[in-house]
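Engineer: I'd like to ask you about the structure that follows.
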Amino acid sequence: MFIKAIYSLVAGAMVLSLATPVLAEDNNVNTTANQTLCQERIGLREVQLDKKRAEADAKLAQKRLDNVAKYMKDIEKIDSRKIERQQQNDDKAMQNRTERDAKGYKTPEMQAAVTAYRQAMDVAIQAHRTAITNATTAYRTTHDQAVTTRKTAIDAAIATRRQAVDAALATWKQNCIGTTEQKQAATKTFREAVAAARATSRIAIDAAVTTYTTTMQTAKTTRTAAVKAANQTFQTATTAARDALKAAQQQIKDNKIKWQTYKNTTLGFSIKYPTSWAIDSLRSNREVSGSDVVFDIGIATESHEGIKMDISNLTLNEWLNQIDKTIITKTYQLTIDGQPAIRIDTTEFSQKLIGVKFNDKLYVFKTDGKMIENGMLSTVKFLK
């Protein structure tokens, strides 16, 4: 739209130049009268040409002002939405922290772990916002410079065209008085010069617009890459903060719970379990219900199943497809000792199923949730 507007304004300013008439006075008119009439018409055409040029300049200047106003309005909307989103995120984070603090902390160590997590998150958030702001600022700076460069090039093209038209007009004036053939030839030359000036101007304006478009496309690509990198860095930082918090929480649990280690080189894994638990040796074999290891929780004189583990050669998807879909309430993607795993919550006695694939074996843990709650799941290690 901008380039079309320029063409229309430029063309409008040239109409009078192109329409400069052939002065077809009869050769029999006396020289003095012919000369006077020629000068009057030239003066009139020059005044009209100057007026048209002034109008074209005013329209072009207004068009540019309108473009700037629209651009600034768009920027204001974008910045306003960004500030609003950031404020909403900050308010939500503050509310979550306030609610969490209101519940209190079981130990000073837990409070310290949460504080460290919040500090890491605050640093990550600020770094992310700074990176996004820098990318946006760089893009806008490039835009402003590109607009200025385009304006300078277009103004130069218009000025060059007008100089060419003025030079052609000056040449034509010299032949204002002459034979009809001479004046026709002069007018033809003038029109050809104007057409050439217009073509040259259009080429220059097209080049200016193309340069602007190419510059802004490159700037957009650069901005997109910077935003993507900022998002990836932020994701990495937040993941590291969460992992650090989980590790700290697990360490606090480990310090409170007395653990012992079960290791089975045949089955290729090890796992820690509380000393208050025991392994049911009777059911921990493949001869009974296909079970490999059963951990029982001993409470007083009673004993009931806490975790059962099965091993097969199925893939994760094959195992998942075998489960009755009507009992599944939720599934999670997770990793155990760096290996892909799936957790499935079911309606069957609120049982949780956790499947993890290592080498050619599929390890499936079945628990009522205690394995997750006490941190046993994070202690699973596969024997390389």
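Read the figures in this text as sums done on the coordinates, not as results from a lab. All of these numbers come straight from a predicted model, not from anything done at the bench. Heads up, the Cβs are rebuilt from the backbone with ideal geometry, glycines too, and the neighbour counts pull from every protein chain shown.
Engineer: For region 68-194, build the charge dipole from Cβ charges (+1 Lys, Arg; -1 Asp, Glu) around the Cα centre, then report which of THR152, GLN86, ILE132 sits farthest towards its positive end.
Structural biologist: THR152
Engineer: Then there is this: Region 53-151: which GluC sites (Glu not before Pro) are DSSP loop and have at most 13 other beta-carbon atoms within 10 angstrom?
Structural biologist: none
Engineer: How high is the FRET efficiency between ASN255 and GLN235 when r is their beta carbon distance and R₀ equals 35 Å, given to the nearest 0.05?
Structural biologist: The value I calculate is 0.70.
Engineer: Now a separate question. Could you check the spin-label model distance between MET94 and LYS77? Points 7 Å from the Cα along Cα→Cβ, value in nm.
Structural biologist: 2.9 nm
Engineer: At a Förster radius of 41 Å, what calculated FRET efficiency corresponds to the Cβ-Cβ distance of THR214 and ASP166, to the nearest 0.05?
Structural biologist: Calculated transfer efficiency: 0.80.
Engineer: Please compute the contact order of region 343-384 in relative form: average sequence separation of alpha-carbon pairs under 8 Å and at least six residues apart, divided by the residue count, as a percent.
Structural biologist: Value for region 343-384: 27 percent.
Engineer: Also: Pulled fully out, how much extra length does the chain show between ARG45 and LEU320, if you take 0.36 nm times their separation in residues and subtract their Cα-Cα distance?
Structural biologist: Here the answer is 90.3 nm.
Engineer: In addition: Label region 2-254 by shape, choosing from rounded, prolate and oblate, from the square roots a ≥ b ≥ c of the eigenvalues of the Cα gyration tensor; if a/c is under 1.5 it is rounded, and otherwise prolate applies when a/b is larger than b/c, oblate when it is not.
Structural biologist: prolate
Engineer: Further question on the same structure: Starting from the Cα of ASN264, step 7 Å along the direction of its Cβ; do the same at GLN35; then give the gap between the two resulting points in nm.
Structural biologist: Roughly 12.1 nm, to one decimal.
Engineer: Can you figure out the FRET efficiency of TYR105 with ALA127, using R₀ = 25 Å and their beta-carbon distance, to the nearest 0.05?
Structural biologist: After rounding to 0.05, the efficiency reads 0.35.
Engineer: In whole percent, what relative contact order does region 141-269 give with Cα contacts below 8 Å and a gap of six or more residues?
Structural biologist: Relative CO of region 141-269 lands at 32 percent.
Engineer: Work out the length of the dipole vector of region 94-135 about its Cα centre, built from +1 on the beta-carbon of each Lys and Arg and -1 on the beta-carbon of each Asp and Glu, and round it to the nearest 20 debye.
Structural biologist: Charge dipole, region 94-135, about its Cα centre: 80 debye, nearest 20.
Engineer: Also, I was wondering about something else. Please list, or write none, the lysines whose alpha carbon is within less than 28 Å of the alpha carbon of LYS51, excluding same-chain residues fewer than 8 places away.
Structural biologist: Straight-distance partners of LYS51: LYS4, LYS59, LYS63, LYS151, LYS173, LYS183, LYS188.
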